[in-house]
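Notes follow the structure.
The values are calculated or read from the model by the stated rules, or taken from the named source; none is laboratory data. All values reported here derive from a predicted model rather than from experimental measurement. Neighbour counts are summed over all protein chains in view; Cβ atoms, including those assigned to glycine, are modelled from backbone coordinates with ideal geometry.
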Amino acid sequence: MTKAGRPDTPNAASRFNEEQATYAVRGSGTPDLDAGVAAIRNVWQTLPTRPGVYRMQDARGDVLYVGKARALKNRVSNYMQVERLPNRLRRMVAQTRSMTIITTGSEAEALLLEAQLIKRYRPAYNVLLRDDKSFPFILLRADHDFPRIQKHRGARRHKGNYYGPFASAGSVNQTINALQKLFLLRNCSDSFFNNRDRPCLLYQIKRCSAPCVDRISKADYDGLVRDAAAFLSGKSTAVQAKLAAQMEAAAEALDFETAATLRDRLKALTFIQGSQAINAQGVGDADIFALAAKNGAMCIQAFFIRGGQNWGHRSFFPVHTADVPEDQVLASFLMQFYEDVPPPKSILTDRLPSEDTLLTDALSEQAGHRVAIAVPQRGDRAKLIKQAVRNAVEALDRRQAESATQGKLLREVADLFELPEAPARIEIYDNSHIQGSNALGAMVVAGPDGFVKGQYRKWNIKDKDAVPGDDFAMMREVMRRRFGRALEEEGRDSGAWPDLLLIDGGKGQVSAVKDVLDDMGIDDVPFIGISKGPDRNAGRETFHFPDGREFTLAVNAPVMFYLQRLRDEVHRFAIGAHRNKRSKAITVSPLDEVPGIGPARKKALLMHFGTARAVRDAALEDLMRTPGVSEAVAQTVYDFYHGGG
């Protein structure tokens, strides 16, 4: 069967030829190599020899693999020659029941689309960049007479200059703090700035020049902004020379207070220069990557150099790398990494990634400037690569040592709770409410690599018949919703099926979970309750089996500390979610119910009348006199409260 449509990726319509076809064969849904090959052959017979991207899907339609090709027909034919495939790809072929094809204008476009789809679908057989959270940048705003400096993540909606990426929020915060001491730029919001009538504390501690109350002229502040932009662009030597000259001039003029201020600013500059950790002078803008492999695991170490300054480093541990050559892992990593981060002009690596020419073409097309990938052999750049390699090896060693400890703990958990093997997925549940208000249930997930924060879930309690504050009823609702959806959409074969449930609570919560799972016919999910000890002392917890058995552990047992850490994490997540929900409830206004009233008009009405009650009681003529509210909107508000129309 075939069907045609537009590419189902958010920005594909503007970048790729919109030719897509989905092909499928009906099958039993069980892994079967012959059925998989038949599905692929059915697609192959109609494929063009054009560049494009293909997706392999299982019987449920879940994406197993995303690949790109210079010639789709030639590339897909390789999957029919199963005797030449490694075991990993044979398993993938056996699960394949359909394919989706998207043709592109060039192989570089196919490579860009492939990275986008891998990030979106996270297929089980692609190399995946696990740590794909957005990187922080420093933003020097340009939409105000007195620009502010701030940390930024996400889409670039604000007008200004963005500097980054930085390796972590901590490195950004540290740099911004030093930059405030050095350049005295404000970091307050525009509303805070506009409502000041005297300097804030940052001015008193010499971290801001107080432009909000005219303690500095616009011309002088613009000079500070230019200096900050020059420094962030790598011209720190020029800035240092300028400050030194100003300090010397102030001292000669016997203006010792100004000279002391400039001296403190020079100290801040020296601190930033001294905290670089590596010597990157002369490198300009470059990202440095080195790969280490050991015992089937890989680590990619990244250094971010901008303007000759080291803006931090981070270790990445890509997954699904078994049987994949290291140069292919590096290539896949780079494409996924630069899906959200703008590539610099220079990328330095310890080895050439596979298809490096195609990779540079794709990254250049994405960046809008020429990107070069090089393997330095001598000089300062080669020293940086050696340092990155050393960091990659050390990070991988630490990771494997931690994994060994984690594996030992999981084996102890299996022995403790009578599991057939060490659990790969543990789900921990808790409820949070205040006397039944703003109630919600929370789930966190842990596994061999620690907490899997992308799998955390929360549920607003919706059962109107439940008694407020009834923890047992809340737990029953959470279990029904979690496993009802799992059975309907995911099934037991998905990676989201748990090996163990840990329930924060005692016999009552365990009984509630048992009732729900029994009703659903789920008998293959072990679950254990954890209740607090006497006087709620940590370390004296009691563990409850569904059959009524109970036991405690030694206070200093390593597995006890591990289980406490799991419980504490679900507490933290549940309480944080509850606080957010409570905060939103506090800000709810009766005006939210009025159709056509957005945040700006709601604010205008409240600023004019003071309270929502006053808005409700206002005459139509008074509503019409509200600044920013049209006659039509005023009529809408009046009719809503007075039954007009």
Exercise for review: Scan the range 132-145 residue by residue and report those that are of a type outside the set (Asp, Glu) and either buried (at least 19 other Cβ atoms within 10 Å of the Cβ) or over 22 Å from Ser191 (Cβ atoms) (or both).
Suggested key: Lys133, Ser134, Phe135, Pro136, Phe137, Ile138, Leu139, Leu140, Arg141
Practice item. Return the total of residues in the range 292-337 being among the aliphatic types (A, V, I, L, M) and part of a helix (DSSP H, G or I). Key: 5
Point to revise | All positions within the range 173-190 that are at pLDDT 80 or above and either over 27 Å from the mean Cα position of the chain (by Cα) or more than 16 Å from Arg207 (Cα to Cα) (or both) | key: Gln180, Phe183, Leu184, Leu185, Arg186, Asp190
Review point. Is it true that Asn580 is assigned to a loop (DSSP other than H, G, I, E, B) and either surrounded by fewer than 14 Cβ atoms within 10 Å (Cβ to Cβ) or outside the structural domain of Lys458 (by TED's automatic domain parsing) (or both)?
Key: no
Review point. If you scan the range 312-327, which residues turn out to be within 19 Å of Ala388 (Cα to Cα) and of a type in the set (S, T, N, Q)?
Key: Ser315
**Study point:** Test: Arg398 is out of contact with any Gly (no Cβ under 8 Å at 6 or more places or on another chain), under 21 Å from Ser168 (Cβ atoms) and surrounded by fewer than 17 Cβ atoms within 10 Å (Cβ to Cβ)
**Key:** yes
Check your understanding: Of all helices (runs of 4 or more DSSP H) completely enclosed by the range 112-205, which ones contain at least 1 residues that are in the same structural domain as Gln57 (by TED's automatic domain parsing) and of a type in the set (A, V, I, L, M, F, W, C)?
Key -> none
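Going by the structure shown, is Ala574 at pLDDT 80 or above, surrounded by 13 or more Cβ atoms within 10 Å (Cβ to Cβ) and within 30 Å of Leu500 (Cα to Cα)?
yes
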**Study point:** Gly548 vs. criteria at pLDDT 85 or above, assigned by TED's automatic domain parsing to the domain that holds Pro498 and assigned to a strand (DSSP E or B)
**Key:** no
Practice item. Read through the list (1) touching a Pro at 6+ places or on another chain (Cβ under 8 Å); (2) surrounded by 15 or more Cβ atoms within 10 Å (Cβ to Cβ), then give the number of the only condition that Thr360 fails. Key: (1)
Exercise for review: Select from the range 45-74 the residues that are of a type in the set (D, E, K, R) and under 33 Å from the mean Cα position of the chain (by Cα) and list them in ascending order.
Suggested key: Arg55, Asp58, Arg60, Asp62, Lys68, Arg70
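Which one of these is surrounded by fewer than 14 Cβ atoms within 10 Å (Cβ to Cβ), at pLDDT 75 or above and at negative phi: Ala259, Ala228, Ala238, Ala219?
Going through Ala259, Ala228, Ala238, Ala219 in turn, just one is surrounded by fewer than 14 Cβ atoms within 10 Å (Cβ to Cβ), at pLDDT 75 or above and at negative phi: Ala219.
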Practice item. List every residue pair whose Cβ atoms sit under 7 Å apart, with the two residues 6 or more apart in sequence or on different chains, where the first one lies in the range 168-190 and is under 25 Å from Thr261 (Cβ atoms) and touching a residue at least 24 places away in the same chain (Cβ under 8 Å) and the second, anywhere, is of a type in the set (Val, Ile, Thr) and assigned to a helix (DSSP H, G or I). Key: Thr175/Ile272; Ala178/Ile272; Leu185/Val225; Asn187/Ile176
Point to revise | Verdict on Gly312 being over 27 Å from the mean Cα position of the chain (by Cα), modelled with pLDDT of 75 or more and not aliphatic (A, V, I, L, M) | key: no
Review point. Can you spot a residue in the range 519-540 that is at pLDDT 90 or above, in contact with a Ser or Thr (Cβ under 8 Å, 6 or more places away or on another chain) and not charged (D, E, K, R)?
Key: yes
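Please count how many residues of the range 71-128 are among the polar types (S, T, N, Q), closer than 18 Å to Thr321 by Cα and surrounded by fewer than 21 Cβ atoms within 10 Å (Cβ to Cβ).
Total satisfying the criteria: 1.
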Check your understanding: Exactly one of (1) surrounded by fewer than 16 Cβ atoms within 10 Å (Cβ to Cβ); (2) in contact with a Lys or Arg (Cβ under 9 Å, 6 or more places away or on another chain) is unmet by Arg351. Its number?
Key -> (2)
Exercise for review: Output the number of residues of the range 485-503 satisfying the condition of being in a helix (DSSP H, G or I) and at pLDDT 85 or above.
Suggested key: 0
Check your understanding: Got at least one residue in the range 159-172 being of a type outside the set (Gly, Ala, Ser), surrounded by 15 or more Cβ atoms within 10 Å (Cβ to Cβ), touching a Cys at 6+ places or on another chain (Cβ under 9 Å) and modelled with pLDDT of 85 or more?
Key -> no
